[in-house]
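Working notes for the structure below.
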Amino acid sequence: MNQSSLLGLDLSDNQISGLIPNWIWNITNGYLNLSSNLLVGFQRGFVIPTVGYLDLHSNQLSGEIPIPTEVGAYVDDSRNNFSSSIPAEIGNRLPNAWFFSISYNMLSGPIPPSICNGSHLEILNLSNNRFSGTIPKCLIDKGIATLRVLNLQNNNLTANIMGTFPEGCTLRTLELNGNHLEGEVPNSLANCVNVEVLNLGTNNIIGKFPCFLANLSKLRILVLRSNKFHRNISYRANYLWPKLQIIDLAFKNFSGILPASFFSQRKAMMDGGNA
């Protein structure tokens, strides 16, 4: 409590309980890790100062989600009991953040478009909450330009996937499963040539087998289960996705024959993914 020049403080993976005291924000200038404890909240009047790395995941924190500071580069509030909505201006507080996770909480309401103002975000994880409304169009058009991981799975998001995935899209993981998304898979998703994980399962997406994603040569996991896809699976399936390790097409209206050669050519399924 009497320290004033610590560069970092790591008290993670203990059994510290109670409230996070206000004095703790004054003893570190850069790194604070209180994750994996039994903390339940904040003392009244707390203000998060200039902490560049803040990890509060896996506690029992509740109430409103804490608003990060503008200098924060890494913010992890996941696996708590926060139950508010995201502040409308949240993205304006993430100008320098490359990692932002609030997954596994009870957050609700819409995803505010200001999230796109986090222009350096590489990992954005809003999964396993109760968010509703649509995926902000700007998140596809603009925010996607820097993202490597976009995880919105297991929420209550609705409507079509609006926007255009840009050329030069840097996505490696896109997880939108477990929502109520409709419409067809955007053709522009083919611009995300570095995608390794694509999970669109358990939605209301329509259309035919997405052979237009044939150029996703790095794809390892493809989940399309429990949607409203239909029609014949093209013979071109033999030549798709040479690195594919997991494919889930369960509960579909696909027709036709999936050739045995589709599986015999999936060498990545046989050698532990070293193909």
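The values are calculated or read from the model by the stated rules, or taken from the named source; none is laboratory data. Keep in mind the model is a prediction, meaning the values are calculated, not measured. Cβ placement follows ideal geometry from the backbone for every residue including glycine, while neighbour counts extend to all protein chains displayed. With ligands, DNA and RNA removed, areas are computed over all heavy atoms of the protein, side chains included. Shrake-Rupley method; radii C 1.70, N 1.55, O 1.52, S 1.80 Å.
Brief remarks on what is shown
- With respect to the conditions (1) open to solvent by less than 20 Å² (accessible area, probe 1.4 Å); (2) out of contact with any Asp or Glu (no Cβ under 8 Å at 6 or more places or on another chain); (3) in a loop (DSSP other than H, G, I, E, B), L139 lacks only one, and its number is (3).
- Single unsatisfied condition, N156 versus (1) buried (at least 22 other Cβ atoms within 10 Å of the Cβ); (2) within 18 Å of E175 (Cβ to Cβ); (3) of a type outside the set (V, I, T): (1)
- Residue satisfying all of: in region 179-232; assigned to a strand (DSSP E or B) and β-branched (V, I, T); surrounded by the most Cβ atoms within 10 Å (Cβ to Cβ) among these: V223
- Of all residues in region 84-97, those that are open to solvent by 20 Å² or more (accessible area, probe 1.4 Å) have Cβ atoms under 6 Å from Cβ atoms of residues that are outside any loop (DSSP other than H, G, I, E, B), 6 or more apart or on another chain, in S85/S108; S85/G109; E89/S114; N92/S114; N92/N117.
- Selected residue [touching a residue at least 24 places away in the same chain (Cβ under 8 Å), of a type outside the set (A, V, I, L, M, F, W, C) and not in a loop (DSSP other than H, G, I, E, B)] from G72, G18, G8: G8
Every residue, every condition in (1) within 25 Å of the chain's Cα centre (by Cα); (2) small (G, A, S), yes or no:
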{"position": "N14", "(1), (2)": "no, no"}
{"position": "G18", "(1), (2)": "no, yes"}
{"position": "W25", "(1), (2)": "no, no"}
{"position": "L39", "(1), (2)": "yes, no"}
{"position": "L54", "(1), (2)": "yes, no"}
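- Only one of the listed residues (R44, R79, R130) is among the basic types (K, R), surrounded by 15 or more Cβ atoms within 10 Å (Cβ to Cβ) and out of contact with any helix residue (DSSP H, G or I) (no Cβ under 7 Å at 6 or more places or on another chain). That residue is R79.
- For region 112-121, the set of residues classified as crowded, with 16+ Cβ neighbours inside 10 Å and either among the polar types (S, T, N, Q) or touching a residue at least 40 places away in the same chain (Cβ under 8 Å) (or both) consists of S114, N117, listed by residue number.
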